[in-house]
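What follows is one structure encoded as structure tokens, with my remarks underneath.
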Amino acid sequence: AAEDWEEGLVLAGIEGGGTSFAVALARGCPTNIVARARFPTGEDPAALLRLVTNWILRPEAGAHATADGSALVPHGVGVACFGPLHLDAEQAATYGRVTVGSPKVAWRLADVRGTVVRALAEAKVTPCAIGFDTDVNGPAVAEARWGGHGDAKSVAYVTVGTGVGVGIVCDGKPVHGADPEAGHMAVPLEAEDYKSGFKGVCPFHGAQCVEGLVCMGAIAARLGVSPDTLASVPDSDPVWDLVARYMARLCVNLVLTVAPHAIVLGGGLMNRHAIMLPLIHSHFKAQMAGYVDPGRPVEELIVRSRFGSDSGIVGALELARLAVLRQRAGQAQDSKKRKACELLQEEN
């Protein structure tokens, strides 16, 4: 939206994934990306986080420099990271860390937010606003603001790739609670999986959660192939219809619980959006059986992200923009308080 464009605004985004971390700079708004890079996640959280932060602060050979050749200094940095994460800012000891329940053992209790904050402080990039959330809530807030979903006040973002994640935004604010993990919601087994005895691939729930049934590893396990060869599986393979039924069930459960105005699908599964979306739409209508009217046609309710593979990094950049706005609002409030105190002192 034109009203959200700000000349001179510089945003940095860090998208933390289980396989790789993406980092980018944007000017004016989160969708105007001017430079980007990607680094393997690896098993050393502190080293990786320093690497991506250094990229922001000391860019390669003018890749995102100003006219005089100096580096762009961000007004805000947004971090959208895999989890599960500790998101309660009132719990200072754990806020910003990966939880002990993360499947990535080396990253358990990694201080993601704190490492970035300290690196910025050491480089004297202060005051720099910091936004921090999950790798699904970031895209969810970006979809709510920039996704083109009309008057949708609540949005659910679902990514299906190595795992399954769900981010939910209501009235522009991400839903946190203790630690939402809707990608692990339980769904009933479809007949094919029941008959074949498919065990699922979730290390915690097996075949008793959505992630264990529809992630790339689950699809590959059914077919007896490596996940990196799934692109060669034809669209006509019955596995895609099976996955679509589980995805439809996830969408039905989201409508029945949080009633989003839009459910946006992203991740590697949406590389097959041309076949997956019609299948999901059809199964959603059959499973809902007319019980709830979502308020818009299913073709407008369940959609692919307009950002494609950039959903995550645009989400991180939107977290940065929102952090800048919060910082400014706080500064304005402090200024009002100071002026009020000065007036009282003058009167006395």
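Rule-based calculations on the coordinates, nothing more; no lab input. Model, not experiment: these values are computed from the prediction. Using ideal geometry, Cβ is built from the backbone for each residue, glycine included, and neighbour counts are taken over all protein chains shown.
Considering only alpha-carbon pairs that sit under 8 angstrom and 6 or more positions apart, the relative contact order computed for region 159-256 is 25 percent. Once the convex hull of all Cα atoms in region 100-217 is built, its volume per residue stands at 150 Å³.
Each of Gly150, Ser196, Met247 was placed along the dipole of the chain (beta-carbon charges, centred on the mean Cα), and the one lying farthest toward the positive end is Ser196.
In plain terms, the chain is cut at each of the GluC sites (Glu not before Pro) found in a DSSP loop with at most 12 other Cβ atoms within 10 Å, and the longest leftover piece is 91-348. Looking at region 169-223, the trypsin sites (Lys or Arg not before Pro) that sit in a DSSP loop and have at most 14 other Cβ atoms within 10 Å of their own Cβ are Lys199.
Once the Cα atoms are used to define both axes, helix 112-122 deviates from the longest principal axis of the chain by about 20 degrees. Across all C-alpha atoms in the chain, the radius of gyration and Dmax reach 21.6, 83 Å.
Take every DSSP beta bridge whose two residues both sit in the chain; close to 55 percent of them are antiparallel. Angle, helix 45-57 long axis vs. longest principal axis of the chain, Cα atoms, 0 to 90°, nearest 10? On a 0 to 90 degree scale, this one is about 60. Using the Cα gyration tensor of region 283-334, with a ≥ b ≥ c the square roots of its eigenvalues, what is the shape: rounded (a/c below 1.5), prolate (a/b larger than b/c) or oblate (neither)? Because a/c hits 1.5 or more and a/b fails to exceed b/c, region 283-334 counts as oblate. Normalise the Cα radius of gyration of region 199-320 by 2.2 N^0.38 Å (N = residues in it) and let me know the number. Relative to the rule-of-thumb radius for its length, region 199-320 sits at 1.10.
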